[in-house]
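Chemist: Handing you this structure, nothing more for now.
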Amino acid sequence: MIKNWLDKCSKLRPLDFNPNYAIKNNIKSSMRSGYLPISLRKLKADNAYLYNVLAR
């Protein structure tokens, strides 16, 4: 999903980074640090707009 979004962004303005590397690097970094994704319940409470976009 992120790669598709970045591909659309790059059509509007060239990206100044390698999206494949950035995605993989950030996932690995999150795994090493033990960072967990936000729960749907917390996302709905903290950012209802984003929750609704993702729920579609």
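The values are calculated or read from the model by the stated rules, or taken from the named source; none is laboratory data. Quick caveat: nothing in here was measured; it's all calculated off a predicted structure. When we count neighbours, we look across all protein chains shown, and the Cβ atoms used for this are built from the backbone with ideal geometry, even at glycine.
Chemist: Which one of the conditions (1) within 14 Å of the chain's Cα centre (by Cα); (2) at pLDDT below 95; (3) among the aliphatic types (A, V, I, L, M) does Met31 fail to meet, given that it meets all the rest?
Modeler: Failed condition: (1).
Chemist: Scan segment 42-56 residue by residue and report those that are at pLDDT below 95 and in a loop (DSSP other than H, G, I, E, B).
Modeler: Result: Arg56, single match.
Chemist: Within the bounds of segment 8-16, is there any residue that is under 15 Å from the mean Cα position of the chain (by Cα) and either touching a residue at least 24 places away in the same chain (Cβ under 8 Å) or assigned to a helix (DSSP H, G or I) (or both)?
Modeler: Yes; the residues of segment 8-16 include at least one that is under 15 Å from the mean Cα position of the chain (by Cα) and either touching a residue at least 24 places away in the same chain (Cβ under 8 Å) or assigned to a helix (DSSP H, G or I) (or both).
Chemist: On the given criteria, is Tyr21 modelled with pLDDT of 95 or more and in a helix (DSSP H, G or I)?
Modeler: yes
Chemist: State the number of residues belonging to segment 17-56 that are of a type in the set (Lys, Arg) and surrounded by 10 or more Cβ atoms within 10 Å (Cβ to Cβ).
Modeler: Going through segment 17-56 one residue at a time, the tally reaches 4.
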